[in-house]
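The values are calculated or read from the model by the stated rules, or taken from the named source; none is laboratory data. Source: prediction; values computed, not measured. Note that we place each Cβ from the backbone using ideal geometry, even for glycine, and neighbour counts take in every protein chain shown.
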Amino acid sequence: MDPDGYLLRFAEDLREKECPRYISSCILKEFKLKNGQTLVLRKPIVEDAKMIVEYLYTVGGESDNLLFGKDESYFTAEMEIEHIKNINESETSSMVLGIINNNIVSIAQISSPNRKRIAHNSEVAISVKKDYWKNGIGSCIMEELIKSVKDGGIIKNISLGVKASNKNAIAMYEKFGFEKIGKHKDFFNINGDFDDEILMDLYI
Ligand SMILES: CC(C)(COP(=O)(O)OP(=O)(O)OC[C@H]1O[C@@H](n2cnc3c(N)ncnc32)[C@H](O)[C@@H]1OP(=O)(O)O)[C@@H](O)C(=O)NCCC(=O)NCCS
């Protein structure tokens, strides 16, 4: 807990003073987008926690395609700090941030279970800020995640669930070789409107 916001103020201060060097060691890739802007893909650092929470609140309100709506992301900055520490220590789970002009415009995550018998399976989650859709960011970050999974050599299957009406995302996943393997009927309830969840797998 950080009742007086001390930890967060400290983290923000550190971000301004110390981060440039530290951040550069987390960069995975730089990519020129269709609109000419430079997208930086990098691993998260704990100093990103507040920005990540703000990002999740924003994207939750921008479409009905995520598991949470506007102001429904329950993550606090303190929880996010713990999450970042854990994921950066994991061999099979990873988070990638997409950054343009020092702002987070996309987040994607691959998570694997700890249990040895099923640790070769994983789930992917991805979002891009609406203002930046259709610029190649989703594709760039998916490509990086799939590459990291292949390089890691442990994960054999990437799974995901997507709302049946989310045609853009389904098209993106199919572009990367994901196959539809089933569905959960009426899995989503968006203010009384039900929709199926399409289950998709990519076998590595
Ligand atoms: C789905 C999402 C991540 C795509 O991100 P993006 O940065 O717009 O993706 P890209 O520009 O790289 O496009 C990737 C592919 O998606 C498909 N696609 C994206 N937008 C599309 C559109 N408006 N019409 C048709 N296909 C579309 C295409 O196959 C495209 O590949 P192409 O450009 O080579 O044709 C983004 O729309 C998003 O965050 N949506 C809200 C959250 C969400 O749905 N997350 C997924 C939950 S399962």
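Note on region 72-88: residues that are surrounded by fewer than 19 Cβ atoms within 10 Å (Cβ to Cβ) and either touching a helix residue (DSSP H, G or I) at 6+ places or on another chain (Cβ under 6 Å) or of a type in the set (A, V, I, L, M, F, W, C) (or both) amount to 4.
Condition test on S73, is it in contact with a strand residue (DSSP E or B) (Cβ under 8 Å, 6 or more places away or on another chain) and either touching a residue at least 24 places away in the same chain (Cβ under 8 Å) or small (G, A, S) (or both)? Full working, then the answer.
Working: in contact with a strand residue (DSSP E or B) (Cβ under 8 Å, 6 or more places away or on another chain): no; either touching a residue at least 24 places away in the same chain (Cβ under 8 Å) or small (G, A, S) (or both): yes.
In short, no.
Kindly indicate whether L67 is outside any helix (DSSP H, G or I), free of Cβ contacts under 8 Å to residues at least 12 places away in the same chain, aliphatic (A, V, I, L, M) and within 21 Å of M200 (Cα to Cα). For L67, the condition - outside any helix (DSSP H, G or I), free of Cβ contacts under 8 Å to residues at least 12 places away in the same chain, aliphatic (A, V, I, L, M) and within 21 Å of M200 (Cα to Cα) - is met.
This table checks each residue for (1) under 26 Å from E30 (Cβ atoms); (2) of a type outside the set (A, V, I, L, M, F, W, C); (3) more than 15 Å from the chain's Cα centre (by Cα); (4) at pLDDT below 95.
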position: I141; (1), (2), (3), (4): yes, no, no, no
position: S165; (1), (2), (3), (4): no, yes, yes, no
position: N168; (1), (2), (3), (4): yes, yes, yes, no
position: K183; (1), (2), (3), (4): no, yes, yes, no
position: N189; (1), (2), (3), (4): no, yes, yes, no
position: D195; (1), (2), (3), (4): no, yes, yes, no
position: I198; (1), (2), (3), (4): no, no, yes, no
position: D201; (1), (2), (3), (4): no, yes, yes, no
position: I204; (1), (2), (3), (4): yes, no, yes, no
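Scanning region 45-59 for any residue that is within 20 Å of I170 (Cα to Cα) and either surrounded by 15 or more Cβ atoms within 10 Å (Cβ to Cβ) or of a type outside the set (S, T, Y) (or both) turns up at least one such residue.
Quick check on this structure: which one of N114, N135 is out of contact with any helix residue (DSSP H, G or I) (no Cβ under 9 Å at 6 or more places or on another chain), within 12 Å of the ligand (Cβ to nearest atom), outside any helix (DSSP H, G or I) and within 30 Å of I45 (Cα to Cα)?
Details: N114 fails: within 12 Å of the ligand (Cβ to nearest atom).
Going through N114, N135 in turn, the sole match is N135.
Of everything in region 151-192 that is away from the ligand (no atom under 16 Å from the Cβ) and in contact (Cβ under 8 Å) with a residue 12 or more places away in the chain, the residue that is nearest to N65 (Cα to Cα) is N157. Within region 32-53, the set of residues being in contact with a strand residue (DSSP E or B) (Cβ under 8 Å, 6 or more places away or on another chain) and acidic (D, E) comprises D48 only. The set of residues from region 188-204 being buried (at least 17 other Cβ atoms within 10 Å of the Cβ), more than 17 Å from S111 (Cβ to Cβ) and not charged (D, E, K, R) comprises F188, I198. Applying the set (1) surrounded by 14 or more Cβ atoms within 10 Å (Cβ to Cβ); (2) over 15 Å from the mean Cα position of the chain (by Cα); (3) in contact (Cβ under 8 Å) with a residue 24 or more places away in the chain to E91 leaves exactly one unmet item: (1). Residues that are surrounded by 18 or more Cβ atoms within 10 Å (Cβ to Cβ) and among the small types (G, A, S) within region 110-130 comprise S112, S122, S127, listed in sequence order.
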